[in-house]
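Values in this text are rule-based calculations from the coordinates and carry no lab data. This one's a predicted model, so the numbers in the text were calculated from it and none came from an experiment. For neighbour counting, all protein chains shown are included, and Cβ atoms are generated from backbone atoms with ideal geometry for every residue, glycine included.
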Amino acid sequence: NMKGQGRNGVCQYDGALQSDYIDKLKMRDRLKKAISDELLTVYYQPVVDARTGKISRFEALVRWTDEVEGNISPAEFIPVAERYGLIRSLGDFVLHQVCHDLKQLHLAGFADVSISINRSVKEFISSNGLPPIWDTIESYALPLKSIIVEITESTASSESSDIQSLLASFKQKGIEIALDDFGTGYSSLSSVVELRPNIIKIDRSFIEGIDKQDNRTLVSLIIDLSHKLGIQVVAEGVETRKQLEILREMNCHFVQGFFYSPAVPLASCISILEAQL
Ligand code: C2E
Ligand code: MG
Ligand code: MG
Ligand code: MG
């Protein structure tokens, strides 16, 4: 109870909250400018077939280098974008950049490559006059199945009925859905059955601790469940050969992580794809 600490304690407490708030507002203003000046970039992390080592998919991850603050993590600025109404223009920028870049890859002869984008549930509920994702994808003459939409499980189940009908319309269009950070939400199993995603991405925290028996049990359970339901499964945050080998033994379809590669610029994706020809 801060009030019990007297006048000084109250001041410090309020002061800390206030400066945190001011930092957020500053970030909001800089982010807004970065979006309108198109200063954000998109990097791509390879998704690797665990069995063959082949790469034909990438995850798009937004990057922001502020001229004062340097690199700012999306984990920090995505929540600010959501809070202050910037997430739709951010998401729209990312989608256009991804479509543009994917078109380059397809034109370069890598026609079977797909890219997944991350979307907040907040971006879907009332699209604010922006065209639906499929219109944008089609405006680049890209097949709808070449863009995958990743949504985080905890948010996916929170606005259940809205999101369910939305996901149904995606699937009807042929746009695949991935449940991101799987296992960290509250209703993992029921959301899988309800939402029937095309892909499940097992959260990095389980892979990090995969040497522990409990985590191992959980991960293999998720993999087996996915196989049974005909869902593709991706392990996130694979950093070591040991983790990769354990996942291979469990018949995990795909792996993603620093063991192979962090997110890289488009030019590096082309080199990666050329190297496996
Ligand atoms: P996510 O979608 O779960 O993305 C995976 C995050 O884990 C990325 O962080 C990636 O760089 C990081 N990562 C990949 N492999 C490893 C590994 O082996 N070890 C470790 N320690 N980390 C690894 P990043 O790029 O900082 O993104 C954080 C989160 O921000 C993403 O989590 C996603 O939820 C969100 N995000 C990123 N880009 C976008 C975007 O364009 N739109 C929206 N709405 N959210 C985005
Ligand atoms: Mg993701
Ligand atoms: Mg994730
Ligand atoms: Mg995440």
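Over the chain, dividing the summed -39,500 (n - 2.57) contributions of all DSSP H runs of at least 4 residues by the number of residues returns a 222 nm mean residue ellipticity of -16000 deg cm²/dmol. Loop exposure criterion: trypsin sites (Lys or Arg not before Pro), DSSP state outside H, G, I, E and B, at most 15 other Cβ atoms within 10 Å. Applied to the chain, the longest stretch between such sites is 55-211. Relative to the longest principal axis of the Cα atoms of the chain, helix 87-107 runs at roughly 30 degrees. Percent relative contact order of region 156-271, based on C-alpha pairs within less than 8 angstrom and at least six residues apart? Rounded, it is 20 percent for region 156-271.
Taking every DSSP bridge with both residues inside the chain, close to 40 percent are antiparallel.
When the convex hull of the Cα atoms of region 178-267 is projected onto a plane and the area is averaged over all directions, what value comes out in nm²? Computing the convex hull of the Cα atoms and averaging its projections yields 6.0 nm².
Per the Debye calculation on region 19-130 with a single equal scatterer at every Cα and no solvent contribution, log₁₀ I(q)/I(0) for q = 0.09, 0.16, 0.24 Å⁻¹ amounts to -0.29, -0.80, -1.35. Among the chymotrypsin sites (Phe, Trp or Tyr not before Pro) in region 168-277, those placed in a DSSP loop whose Cβ has at most 10 other Cβ atoms within 10 Å are TYR186.
Arranged from fewest to most other beta-carbon atoms within 10 Å of their beta carbon, TYR44, TYR84 become TYR84, TYR44. Axis angle, to the nearest 10 degrees, between helix 266-275 and the longest C-alpha principal axis of the chain: 20 degrees.
Multiplying the residue separation of THR41 and ALA111 by 0.36 nm and removing their Cα-Cα distance gives an extension gain of 22.9 nm. At the listed q of 0.07, 0.10 Å⁻¹, the Debye profile of the chain, built from one uniform point per Cα, gives log10 I(q)/I(0) equal to -0.29, -0.58. Relative contact order, whole percent, for region 207-277 stands at 28, derived from Cα pairs under 8 Å and 6 or more residues apart. Note that region 243-258 has calculated 3J(HN,Hα) couplings of 4, 4, 5, 4, 5, 4, 4, 7, 6, 5, 5, 10, 10, 8, x, 5 Hz, one per residue in order, obtained from phi through the Karplus relation 6.51 cos²θ - 1.76 cosθ + 1.60 (θ = phi - 60°); glycine and proline are x. The value of relative contact order for region 94-146, using C-alpha pairs under 8 Å at least six residues apart, is 45 percent.
Where both partners of a DSSP beta bridge lie in region 51-182, what percent of those bridges are antiparallel, to the nearest 5? Mind showing how you got there, number by number?
Values: 3 of 15 bridges.
Bridges in region 51-182 are about 20 percent antiparallel.
The modelled label-to-label distance for the pair ASP14/ASP29, using points 7 Å beyond Cα in the direction of Cβ, is 2.3 nm.
Given a cut-off of 18 Å, name the pairs among LYS201/LYS228; LYS54/LYS171; LYS103/LYS145; LYS212/LYS242; LYS145/LYS173 whose C-alpha atoms lie farther apart than that in the structure shown. Exceeds cut-off: LYS54/LYS171.
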